[in-house]
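Note sheet for the following structure.
The values are calculated or read from the model by the stated rules, or taken from the named source; none is laboratory data. Everything numeric in this text was worked out from a predicted model, so none of it was measured. Because the Cβ atoms are built from the backbone with ideal geometry, glycine has one as well, and the counts that use them run over all protein chains shown. Heads up: the accessible areas ignore ligands, DNA and RNA and are worked out on the full protein's heavy atoms, side chains in. Shrake-Rupley method; radii C 1.70, N 1.55, O 1.52, S 1.80 Å.
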Amino acid sequence: MRSFRFAALVILTALAARSGAAETIPPLKFEQRALPNGLQFIWLEDHSAPTTAIEVWYRVGSKDDPAGRSGFAHLFEHMMFKSTKRMPSEFFDRLTEDVGGQNNAYTADDVTVFHETVPSNNLERLLWAEAERLRELTVDVRNFTLERAVVEEEYRQRVLAEPYGEFGEFIQKKSFVEHPYKRPTIGNIEELEASNLGEVRAFHTTFYRPDNAVLVVVGDFDPAHLQHWVDDYFGTIPKPAEPIPRVTTKEPARTASQTIREYDARVPLPALAVTYLGPSITGEDAPALRVAEQVLGGGESSRLYRKLVYETQLAQSAEFSADLRADLGLLTFEVVLASGVPIEKAEAVLSGEITKLTAQPISDKELTIARNQLLTAKLLERETCEGKAGALGEAAAVYGDPNRVNTDLNDLQAVTPAQVLAAAKKYFTDANRLNIEYLPESMKSKGKGKK
């Protein structure tokens, strides 16, 4: 941890000293090839430590959940750790944690990702295990029932037990009209309970296949041995004949500002969200919106925190996220009010900050700070094999081009105040605006009718 803090300090100092010039960032010198069965394989040698990171990115996320069955992608994030033809359940923990390594996984809207880091002499067995659970996962009643219960309990803890847990779900559901991004990634208890083994098996067969996966290996290995192992373990997995179904639904453009009001008995204070539909993660406006995200919501020095929390004391928290995904993005302002503050007052101040970003360019100082924050995070990511593997996997599986791992840093450095202003004007329009007021149940009796 101390080494990473020191590295962060060095990077920040270097960037601050040369804030007026673009930094020359060494590219990640990876290699790649496609196996005959369609698996995309990317590797990068890094002998700085005797460890290796392995990641498998599957191009399946919550947007691919069947209609009425939200949570299937998340369910398989868990089920992939259960038994296979030749591995007992939870064997991945033995292969990783018992040798001083680690493993984990996560589900997003567009992908499901499995990742491990182990001492390098354990690389072959981890490649075998990843191939084994791709080829021979046991999808039976017992594993399905057990992991469905785990996902449902996770929903209870992360959504139902949190005061504002359902607020985020509500924002997601209401911000999209047609696109399956409106389905929450974590799932839905009622829909999971209604599912059956046949549906679950069909989902697994459809999406867990070599031509829907990206294998990334970064670290201390012998390239010849690595190629041999990948061909032996992954290359023999057959490619199904059926095409992979892809989401083709297009979200209609918003045409008029709208306000939605919802009540929740568990929220102690009113909350407010304003959302705008945004571009794809690969869109030309993405770098400018990343900078805008830092300027508006990047910590206690950001515009929203200073204005709404520190100066006016209207809010307990004020955030902005540019959540850009493969198909389109969602730009979200989220505010939890301070006690006794009228929601109209907080909304007026928030709207003033949004208007300010669309009316005049950000300052050179704000641009420098935001750009340095973004670059520092990216450079720190490249300090580890895990970070390099994650960056390569995202570039390949989400952006569709592993070379984006290098070119995107140059794009960030090239952002100008004029580009941030143009992006804000383009997306932060009245026609593209959705206001969500999320209020305590007790306010219903005070004349706040549902809109």
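The condition (being open to solvent by less than 60 Å² (accessible area, probe 1.4 Å), closer than 14 Å to D285 by Cα and among the aliphatic types (A, V, I, L, M)) is satisfied by just one residue among A423, A397, A391: A423.
Residues of region 195-208 include none that is within 22 Å of E441 (Cβ to Cβ) and either among the aliphatic types (A, V, I, L, M) or in a loop (DSSP other than H, G, I, E, B) (or both). Consider L192 carefully, then state whether it is on the phi < 0 side of the Ramachandran plot, exposed (fewer than 15 other Cβ atoms within 10 Å of the Cβ) and of a type in the set (A, V, I, L, M). Answer is no for this residue. Only one of the numbered conditions (1) buried (at least 19 other Cβ atoms within 10 Å of the Cβ); (2) over 30 Å from L277 (Cα atoms) is violated by V151, and that is (2). Of all the residues in region 237-258, those that are without any contact (Cβ under 8 Å) to a residue 40 or more places away in the chain and either in a helix (DSSP H, G or I) or open to solvent by 70 Å² or more (accessible area, probe 1.4 Å) (or both) number 5. One residue stands out in region 242-268 among those that are aliphatic (A, V, I, L, M) and modelled with pLDDT of 95 or more: the one that is nearest to the chain's Cα centre (by Cα), namely V247.
Looking for something part of a loop (DSSP other than H, G, I, E, B) and modelled with pLDDT of 95 or more - is there at least one such residue anywhere in region 291-299? No, region 291-299 contains no residue that is part of a loop (DSSP other than H, G, I, E, B) and modelled with pLDDT of 95 or more. Of the residues examined, A213 is one that is touching a residue at least 60 places away in the same chain (Cβ under 8 Å) and more than 30 Å from E166 (Cβ to Cβ).
The residues in region 74-120 that are closer than 17 Å to E386 by Cα, part of a helix (DSSP H, G or I), touching a residue at least 12 places away in the same chain (Cβ under 8 Å) and out of contact with any helix residue (DSSP H, G or I) (no Cβ under 8 Å at 6 or more places or on another chain) can be counted, and the count is 1. Note on region 301-336: residues that are aromatic (F, W, Y), outside any strand (DSSP E or B) and open to solvent by less than 10 Å² (accessible area, probe 1.4 Å) amount to 0.
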